[in-house]
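Values in this text are rule-based calculations from the coordinates and carry no lab data. Remember, it's a predicted structure, so these values are computed and weren't measured experimentally. Positions of Cβ are generated from backbone atoms using ideal geometry, with glycine treated the same way; all protein chains shown enter the neighbour counts.
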Amino acid sequence: MNITQTEFVQSFIDKLTTTFGKTVDEATNKEAYQTVSLLLKDIILRKWQKTQNQQVEQDEKQMYYFSMEFLLGRLIESNLLNAGLLSTCEEGLKELGFNSDKVFIEEHDAGLGNGGLGRLAACFLDSLASLNLPGHGVGIRYKYGLFQQKMVNGYQVELPDYWLKDDYMWETKRSDKSVEVHFGGEVLLVSKDNHLHVEHKNFERVLAIPYDVPIVGYENETVNSLRLWSAESMPNSFHFHSSEGHDYYHYLDYKRSVEQISEFLYPDDSYYEGRLLRLKQQYFLVSAGLQSILSRFKRKHDDFFLLPQKVAIQINDTHPSLVIPELMRLLMDEEQLGWDDAWKITTSTVAYTNHTTLVEALEKWPIDMVQSLLPRIYMIINEINERFCQSIYYDHPELRDKIAEMAIISYGQIHMAHLAIAGSFSVNGVAKLHTDILKNREMKNFHTIFPERFNNKTNGITHRRWLMNVNRNLAQLLSNSIGKNWIKEPRELIQLIKYTDDASFQEEIAKVKLKNKERLAEFIQSEYDIKIDTQSIFDVHIKRLHGYKRQLLNLFHILHLYQLCRDNPNIQMTPRTFIFGAKAAPGYHFAKQVIKLITSTSDKINNDPVVKDKLKVIFLENYNVSLAEKIIPAADISEQISTASKEASGTGNMKLMMNGALTIGTLDGANVEIRDMVGPNNIFTFGLTSEQVFEYQQNGNYRARDIYNSDQRLRVVMDKLVNQFFTYDDVEFKNIYYSLLYNNDEYFVLKDFDSYVEAQQHVEQTYRNQKSWLKKSITNIAHSGKFSSDRTISEYANEIWDIHPL
Ligand SMILES: *Cc1c(COP(=O)(O)O)cnc(C)c1O
């Protein structure tokens, strides 16, 4: 779309007048934001309709990405960037007297996700559209996204995230596409005309209304859709019998219970909570999503054997794995197909992505819950299970003694990962190491039966948002040096390798980084009234707070450095600024205590004159996509220090690397592939390998206390948790201390402490040699192209979905 700045300014003034009846001088930043998005939406909507018509006309295969989470962040800038209007709009706003930064932040982050899994879904949508691929998102329009974190006296307090307060500019309500979803009731098998029919009675009816969000491709003609479903009650379906008035209250109960379904996102990351409402949300997403896909399919086709040629369904973890029995139900009960045909079609349409092997995150629903909420679905899962166990018994006699542990239903529970593997044609892990762990350990027996189903798709991030948009100066520098090809072909970033030793290029890279650090420092100064040294190492640890991500290990290193300062106030130390951002699930007490320990450490260190600005610790409130966008361009060091084998991939590691930060990390998830790309000299690795972690777990011969006893540094640091160093009582951090010493340190924090400290010393030495540091930084940027989600999506498209650019 080519519009000039003059045209933009004129359209802006017109739109402002017709929408708000205001002049430019009277308009607030919010009104300016709304005006820009309305203008942009006019342009997008035209393309959107064209894409849709074309996709229907050409009847190309479509992919639907089912996910309980889409962590979109703001769309204004990425939509402007992709539509080719970002600089026109920014210049135009300036001409009109607005500051575009202040205008754009009027958009409230769409926080419909917890962390990596939800952000991955958002990056995938951006890449699908940018590669002209017919791929769409299917999710839930939660009224409240992930909670807002407010820090009060160093503690996390959760506030509701009412992101729809000011209307969401990008969505379009499509009442005409509504469908019904049914819960509860009884299922009867009745014989009619010599056929067994399924009759479902006395169910609760829920109306599912879709809200579509356009997903704009980068400088192309494609606009795909993210369809977010909202639950509403159906007044007409409710029978008001008597005049006594009781029914009215029953109706209110019903309405309340229905509206709850799309009320809020569960704030848990890598943890499973077997709550009824969550199950309801999952079935709501799956049933509404499938019905709308099938109704579109039926407009062109009546042969359901064609479905796998026209539709691919990817499920983002097991959360939407009820697509398998629900598709079976629709094909059998609504379309009258037999079991074998329906099964063939279903298992050729659905593909499953595994995101974790953490036991505490594996979904297992109690039988009674599924049976009473979804009686027909339960019958189908039961039949799938019977047939699956039989097939192991007859076709794989060598696995007969493993049937109980492989069953979909066992010990009163339904194992959703087992259902997802049995009912799909592809099972992928999200990094090489993680896929190997699936194949050789966690899902070994399934791999024996279905070796052809298992494959790897290493995660990626959209370089358009995470480099071009958040780090404009770096993007400009890259284009000036190697041309603009890398934008369409991010692997072209490898051209930078020829500049790694180029003194003037190094200097330019250093300038860009310094500018970004100054911007972040200004933000921290204005929001937190803390002055930070832009010459210090910006050491960044941003991600959800979880035991396995080991924010605690980082803290112990910080407390160790602090102790060195106390012991020797004149110690030579390259100044460091440690930056944390993390939300803890509201019910995860350990994680919340770690947050409090970070803020307490921050108070101690930042206010201790002995430290003399050698160390600063900053906890930034309310970590979300927009905050990540502020921090990442300014990072020198990227903390990726999970217990090996626990982080399936990580994507924060990729964003930081792409912005020139060096990784300090374990050989876990995609860190392994980052090291493979940049070489061991351009990353700081340390700690146990996943094999060593497995060995300890198997042999049970890890003794955390022995390490505590033998490492003086650790003893000094850990004792601070219980010797009134932080507080007058010694209760506050006792749990953390106990989890390490009495519960034997599940995540091997003590075990990895020594090698982590050593790796951090290596970081400091390297930073003192700026030339060597910049060379490593450039090398990281040069190799980051592999981690563009464009590469990931091309692999999914070719190797799983079989979809093609329009
Ligand atoms: C990228 C991202 C994540 C994932 O980070 P990891 O370090 O991979 O856990 C989580 N939250 C937000 C807001 C992100 O942008």
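Relative to the longest principal axis of the Cα atoms of the chain, the long axis of helix 86-95 lies at roughly 70 degrees. The value for the chain of Rg(Cα) / (2.2 N^0.38 Å) is 0.98.
Ordered by the count of other Cβ atoms within 10 Å of each Cβ, fewest first, 467, 159 give 159, 467. Among the trypsin sites (Lys or Arg not before Pro) found in segment 92-201, those both in a DSSP coil and sparsely packed, with 16 or fewer other Cβ atoms within 10 Å of their Cβ, are 165, 174. Of the options 315, 422, 598, report the single residue whose Cα projects farthest towards the positive end of the charge dipole of the chain (beta-carbon charges: Lys, Arg +1; Asp, Glu -1). Towards the positive end, the residue furthest out is 598.
Take every Cα pair under 8 Å whose residues are at least 6 apart in sequence, average their separation, divide by the length of segment 481-558, and the relative contact order is 14 percent.
Segment 178-238 to segment 51-122: how many Å between their Cα centroids? Answer, in whole Å: 27.
For segment 1-147, a Kirkwood radius taken over Cα pairs fed into Stokes-Einstein (4 °C, viscosity 1.567 mPa s) yields D = 77 µm²/s.
Taking the C-alpha atoms only, the angle from helix 770-783 to the longest principal axis of the chain is near 10 degrees.
If you count, for each residue, the other Cβ atoms within 10 Å and average over each peptide, how do 525-533, 371-379, 664-672, 499-507 line up from highest to lowest? Before the final figure, lay out the partial values.
On the way: 525-533: 12.7, 371-379: 19.1, 664-672: 26.6, 499-507: 14.8.
My ranking of the peptides, most packed first, is 664-672, 371-379, 499-507, 525-533.
Using the crude model of +1 on Lys and Arg Cβ and -1 on Asp and Glu Cβ, and no other charge, please compute the dipole size for the chain relative to its Cα centre, in debye to 20. The partial results should precede the final answer.
Values: 89 positive and 105 negative charges, 270 e Å.
In total the dipole reaches around 1300 debye.
All alpha carbon pair distances within segment 1-57 were sorted into 5 Å bins beginning at 0; the resulting P(r) in whole percents reads 4, 18, 24, 19, 13, 9, 7, 4, 1, 0. Only helices enter the 222 nm calculation for the chain: every DSSP H run of n ≥ 4 contributes -39,500 (n - 2.57), and dividing by all residues gives -14000 deg cm²/dmol, rounded to 500.
For the peptides 72-81, 471-480, 723-732, residues were scored by their other Cβ atoms within 10 Å and the scores averaged per peptide; the highest-first order is 72-81, 471-480, 723-732. Spatially, segment 342-381 and segment 277-311 are offset by 16 Å when compared through their Cα centroids.
Order by neighbour count: 182, 434, fewest other Cβ atoms within 10 Å first, most last.
On the way: 182 16, 434 30.
Ascending Cβ contact count within 10 Å gives the list 182, 434.
Seen against the Cα atoms of the chain and their longest principal axis, helix 276-300 is set at about 60 degrees.
As a proxy for reagent exposure, 276, 307, 125 were ordered by neighbouring Cβ count within 10 angstrom, fewest first; the result is 276, 307, 125.
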